[in-house]
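Asks: What follows is a single structure, and I will ask about it in a moment.
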C-alpha cells in the first residue's frame with residue numbers, strides 16, 4: 001500500500017504557481033475597479049446608492065468633487081457593477097493588499113474623470129525593525145476574531161501545493177508566543193474581544209498585525225451589530241490591511257509579501 | 001464514576017412535566033424529528049414560539065404557541081430542543097419552565113442579564129461581568145483540560161472543557177458562540193432583496209447553500225418561483241459546494257492522522273475545483289450569485305460544460321485517493337471505532353447531515369423535502385450504521401460521487417431561458433425553506449412587510465449537531481479529539497451566527 005502512495009506522489013508534477021503570476025492577481029475576488037473615462041456624477045450617485053457597506057461614497061476632496069472607493073469596506077457584492085453602466089467593472093488586477101488604511105482608499109475626480117493621486121507620504125517605519133530582525137523568515141499566527149470562516153478557507157489554501165507559503169520561509173505556527181505576525185480575520189465579536197487582546201499581548205515584540213477581509217478591515221456587513229465590538233483596529237493596533245470578501249489566496253499572499261517589503265522578490 | 005457520568009444522561013420524559021402541546025408523531029408512532037424552534041413577534045408585538053417538525057411528509061409541520069408568559073419546556077420529550085430553548089431564553093427573554101439547564105448560551109460574561117436582542121433595544125448595550133459555571137466532574141484522578149477559544153491552527157474559535165482520567169475523556173462541555181455576530185437581528189430592517197449577502201456570511205464555506213435557502217424562503221413567502229435554468233444552475237452550485245467541502249474534510253481527516261500525502265492531494269484537488277469555478281463562473285466560492293427570484297447572472301453553456309468536465313476529472317482523482325487512504329491499514333486503525341455516535345443519541349438530538357447518515361439515520365432534505373431542480377432528479381442517500389470516523393469518511397466519499405453525477409446530469413441538460421423573475425413583495429410576507437447544505441439540513445424562515453425584513457431565523461446544521469459532539473468524544477482518548485471533531489466538520493460561525 002505504501003508503495004502505491006509513493007508511486008502516486010512521484011507521478012505528480014509540480015503545481016506551484018510562480019510568484020509573478022500571483023502578484024496583483026485577483027481572479028475570482030469580485031473586487032471592483034473604475035473606468036474613469038465613463039464616470040459621471042449621475043453614475044456616481046447610482047453606484048453609491050447600490051453599495052450596501054458604504055465602500056462607495058461621493059465627497060469633496062481638496063476642493064474637487066470625487067467618487068471615493070474604500071476597498072476595506074467592499075464585500076464584492078457586484079451591486080455597483082450592475083448599475084455602473086460600464087464605469088464600474090470587475091478588477092482585472094489588484095495591488096491594494098497588505099497596505100495601510102489610507103492606501104485602501106481611491107478617489108476619482110468626477111469633473112476631470114481621472115483618478116486623483118494620493119500625495120500623503122506612505123508610512124514605512126513599522127516594518128523596518130521586524131524585517132531587520134527576521135531576514136527572510138516569518139512566523140504567522142492566524143487569529144479568527146469572529147469571521148464567517150470564508151477568510152479561513154482561503155488562508156488555509158495558502159498551504160496547498162499551488163501557493164505553498166513555505167517556499168517563502170513563511171510558516172503558520174500554533175502559538176502566538178512563537179509568532180511574528182498576527183493575521184486577524186472577522187469583525188471582533190463582543191465574545192472574542194478579551195481573547196483577541198490576550199492573544200495580541202502574548203505575541204512577543206516586535207510584532208506585526210494584519211487585518212484580513214472586509215470584516216477585519218472595516219467590520220463589513222457586521223459593522224454596528226450589537227454583538228460586534230468593531231473592526232480589528234477597534235480592539236488592537238493594526239499595521240496593514242488585506243481587503244476582500246474573502247480575499248483570494250493570491251491577494252493574501254501578495255499582501256503578506258507587501259507587508260514584508262518583499263513584493264519585488266523572486 | 002457512574003454517578004458522574006449521569007450528568008451526561010439526556011433528560012427523560014417524566015409524568016410531572018407536561019409539554020405545552022403533544023409532540024407530533026410519525027405514522028409508525030415514533031415522535032417526529034424536531035427541525036427547529038424559534039421566537040417571533042406577532043402583529044401586536046406579542047411573543048410567540050413556533051416549533052417545526054419533520055413528520056415524514058414533504059411539507060414541514062408547524063405548531064405555534066403564544067409566549068407572553070412562561071412556557072413549558074419540551075426538552076423532557078424532545079432533548080434536541082435543549083440549545084434552541086436556551087437561545088430563545090437569551091434572545092427573547094422567554095421564561096422556560098422545566099428546562100434542565102438554562103445557563104446563558106449565546107451571550108457570554110460581558111452581556112447584561114436583562115437585554116434580549118430580538119425584543120429589546122440594543123443600542124449601546126453596556127459591558128457587564130457575570131459568572132458562568134462549567135459542569136464539574138468530581139472524583140479521584142480527574143483532570144480538566146481547557147482548550148480554546150483560540151486554537152492551535154487555522155480554526156474558528158470555540159471553547160472545549162474536557163474532564164479526563166489519564167488519556168480517556170469522561171465528559172466534554174462545549175462553550176461556543178464566540179463568533180456570535182447578532183446576524184438574525186441584522187436581517188431586520190434590511191430590504192429582502194439585499195438579504196442574500198448577509199446569509200452568505202453566516203458560514204463562508206457553505207455560502208451558496210445559505211444564500212439559496214434564504215432566497216427560496218423569500219420566494220416561498222412571495223409566491224415566486226425561480227426559473228428552471230436558475231434552479232438547475234443553483235443545483236450545480238450547491239453540489240459543487242458539497243464536493244469542495246467533502247473533499248476538504250477528507251483531506252482534513254488525513255492531516256489529523258498524519259497522512260500528509262493524502263492531505264496534500266486533497267487540498268490540491270479542492271484547489272483545482274475552486275480554480276475551475278473561477279474560470280467558468282468568476283468566483284471561487286459562489287457568493288454574490290443567488291438572489292430572490294433566481295440568479296443575478298447567467299453563464300453560457302460552454303462555461304458550465306467545462307466546469308462539469310473539471311468536476312469529473314477532479315472527482316476521478318479524488319476517488320483514487322480515497323481508495324488508497326481507506327485501504328491503508330494504519331488509517332483504518334485510526335478511523336475505525338473512533339468517535340462513535342450511537343444511533344439512539346443521534347435520534348434524540350435530531351442530528352442531521354453526514355453525521356446523521358453515518359449513524360444510521362436515513363434523511364436528506366434533497367430527497368425528503370425536494371426543492372428546485374432536485375424535484376426532477378433522484379438523489380441517492382447513503383446510510384451507514386457504525387457511527388464512527390470511518391463511517392463519516394465513507395459517507396463523504398459516496399456523496400462526492402453522487403454530487404459529481406448530479407452535476408453531470410444537470411449540466412448535460414441545462415434548461416434554456418431566463419435566470420431571474422421579479423419578486424412582488426406583498427404588504428406582509430412570511431415563508432420558510434430548507435436546503436441540504438454540505439453539513440446537513442439548513443432551514444430559513446423570513447418574514448417582512450413592504451419589501452423589508454422583520455424577522456429571519458436560521459437553523460444551521462452545525463447548531464443542531466454540536467450538542468452530539470460530547471457523546472461521540474466520551475470514552476475516546478483526548479488525542480483523538482481533533483480527528484473526531486474534523487469528522488463532524490461543524491461550522492462555528494454557522495452555529496453561533
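Throughout, read-outs are computed from the coordinates displayed, never taken from laboratory work. Because the structure is predicted, anything quoted here is derived from the model rather than measured. Virtual Cβ from ideal backbone geometry, glycine too; neighbours counted across all protein chains shown.
Asks: Sorted by mean Cβ packing within 10 Å, highest first, what order do the peptides B:139-151, B:427-439, A:7-19 take?
Replies: Details: B:139-151: 15.0, B:427-439: 22.5, A:7-19: 11.3.
So the order, starting with the most tightly packed, is B:427-439, B:139-151, A:7-19.
Asks: Arranged from highest to lowest average of other beta-carbon atoms within 10 Å per residue, in what order do the peptides A:69-80, B:69-80, B:20-31, B:386-397 appear?
Replies: Highest to lowest by the protection proxy: A:69-80, B:386-397, B:69-80, B:20-31.
Asks: Same structure again: Could you work out the mean count of beta carbons from other protein chains within 10 Å of each residue's beta carbon in A:226-233?
Replies: Details: counts 14, 16, 5, 2, 0, 0, 0, 0.
For peptide A:226-233, the averaged partner shielding equals 5.
Asks: Continuing with the same structure: Could you work out, residue by residue across B:173-183, how many beta carbons of other chains sit within 10 Å of that residue's beta carbon, and then give the average as an integer? Present the calculation step by step, with values, prior to reporting the outcome.
Replies: Values: counts 0, 0, 1, 1, 3, 9, 12, 8, 17, 8, 6.
For peptide B:173-183, the averaged partner shielding equals 6.
Asks: Can I ask one more? At 7 Å along the Cα-to-beta-carbon direction for both residue B:144 and residue B:193, put a label point, then send me their distance in nm to one decimal.
Replies: 5.3
Asks: Label-point separation (nm) for residue B:55 and residue A:115, each offset 7 Å from Cα along Cα-to-Cβ?
Replies: Placing both labels 7 Å beyond Cα along the Cβ direction yields 6.1 nm.
Asks: In addition: I need the shape label for the protein assembly as shown. Rule: rounded when a/c is under 1.5, else prolate if a/b > b/c, else oblate, with a, b, c from the alpha carbon gyration tensor.
Replies: Details: a/c = 1.33, a/b = 1.21, b/c = 1.10.
Rounded, since a/c falls under 1.5.
Asks: Still on this structure, please answer the following. Quick one: compute the contact order of chain B, relative version, from alpha carbon pairs under 8 angstrom and 6+ residues apart, as a percent.
Replies: On the way: 972 pairs, mean separation 91.3, N = 497.
Computed over chain B, the figure is 18 percent.
Asks: Right, here's the next one. How crowded by other chains is A:25-35, given as the mean number of beta carbons from other chains within 10 Å of each beta carbon? Write out the running numbers ahead of the final one.
Replies: Numbers: counts 0, 0, 6, 10, 4, 6, 0, 0, 0, 0, 0.
Counting other chains' Cβ atoms within 10 Å and averaging over A:25-35 gives 2.
Asks: What is the Cα radius of gyration of the range B:399-497 over 2.2 N^0.38 Å, N being its residue count? The partial results should precede the final answer.
Replies: On the way: Rg = 19.4 Å, N = 99, 2.2 N^0.38 = 12.6 Å.
Cα Rg divided by the expected 2.2 N^0.38 Å: 1.54.
Asks: Now, a different point. Which of rounded, prolate, oblate describes the range B:288-373, given a ≥ b ≥ c as roots of the alpha-carbon gyration tensor eigenvalues and a/c under 1.5 marking rounded, otherwise prolate only if a/b is larger than b/c?
Replies: Numbers: a/c = 3.60, a/b = 1.35, b/c = 2.66.
Note, shape of the range B:288-373 comes out oblate.
Asks: Return B:35, B:122 ranked ascending by Cβ neighbour count within 10 Å, so the fewest neighbours appear first. The partial results should precede the final answer.
Replies: Details: B:35 24, B:122 15.
Fewest-to-most Cβ neighbours within 10 Å comes out as B:122, B:35.
Asks: If r is the Cβ-Cβ distance from residue A:11 to residue B:323 and R0 is 22 Å, what FRET efficiency results, to the nearest 0.05?
Replies: On the way: r = 15 Å, r/R0 = 0.69.
E between residue A:11 and residue B:323, to the nearest 0.05, is 0.90.
Asks: Another one. Ignoring everything except DSSP H segments at least 4 long, calculate the 222 nm mean residue ellipticity for chain A; use -39,500 (n - 2.57) per segment, divide by total residues, nearest 500. Can you show the working numbers first?
Replies: On the way: 9 runs with 74 residues, N = 266.
Estimated from H runs of four or more residues: -7500 deg cm²/dmol.
Asks: Set the Förster distance to 30 Å, then compute FRET efficiency between residue A:59 and residue A:38 from the Cβ-Cβ distance, nearest 0.05.
Replies: Numbers: r = 20 Å, r/R0 = 0.66.
After rounding to 0.05, the efficiency reads 0.90.
Asks: What 222 nm value per residue comes from the helices of chain B, counting each DSSP H run with n ≥ 4 as -39,500 (n - 2.57) and dividing by all residues, nearest 500 deg cm²/dmol?
Replies: On the way: 17 runs with 188 residues, N = 497.
Using -39500 (n - 2.57) per qualifying helix, the result is -11500 deg cm²/dmol.
Asks: How far is it, in nm, from the label point at residue B:62 to the one at residue B:260 when both lie 7 Å from their Cα along the line to the Cβ?
Replies: For the pair residue B:62/residue B:260, the computed spacing is 5.4 nm.
Asks: Could I ask something else about it? Let me know the Kirkwood hydrodynamic radius for chain B, please, with Cα pairs as the basis and the value in Å to one decimal.
Replies: Numbers: mean 1/r = 0.0427 Å⁻¹.
Over chain B, the inverse of the mean reciprocal pair distance is 23.4 Å.
Asks: Going by average Cβ density within 10 Å per residue, which order do the peptides B:319-326, B:231-238 take, highest to lowest?
Replies: On the way: B:319-326: 18.5, B:231-238: 26.1.
Most protected by this proxy first, the peptides run B:231-238, B:319-326.
Asks: To continue, here is another question. Give the angle, between 0 and 90 degrees and rounded to the nearest 10, that separates the Cα long axis of helix A:249-259 from the longest principal axis of the Cα atoms of chain A.
Replies: The helix A:249-259 is inclined about 90 degrees to chain A.
Asks: I'd like the distance between the alpha-carbon centres of the range B:313-348 and the range B:124-151, rounded to an integer number of Å.
Replies: Here the two parts' Cα centres lie 33 Å apart.
Asks: For residue B:305 and residue A:45, FRET efficiency with R0 = 30 Å and r from the beta-carbon atoms, rounded to 0.05? Before the final figure, lay out the partial values.
Replies: Details: r = 41 Å, r/R0 = 1.35.
E(calc), rounded to 0.05, equals 0.15.
Asks: Between the range B:387-438 and the range B:250-307, what is the separation of their alpha carbon centroids in Å?
Replies: Centre-to-centre distance over Cα atoms comes out at 15 Å.
Asks: Among DSSP beta bridges lying fully in the range B:48-155, give the percent that are antiparallel, nearest 5. Write out the running numbers ahead of the final one.
Replies: Details: 6 of 8 bridges.
Of the beta bridges lying entirely in the range B:48-155, close to 75 percent run antiparallel.
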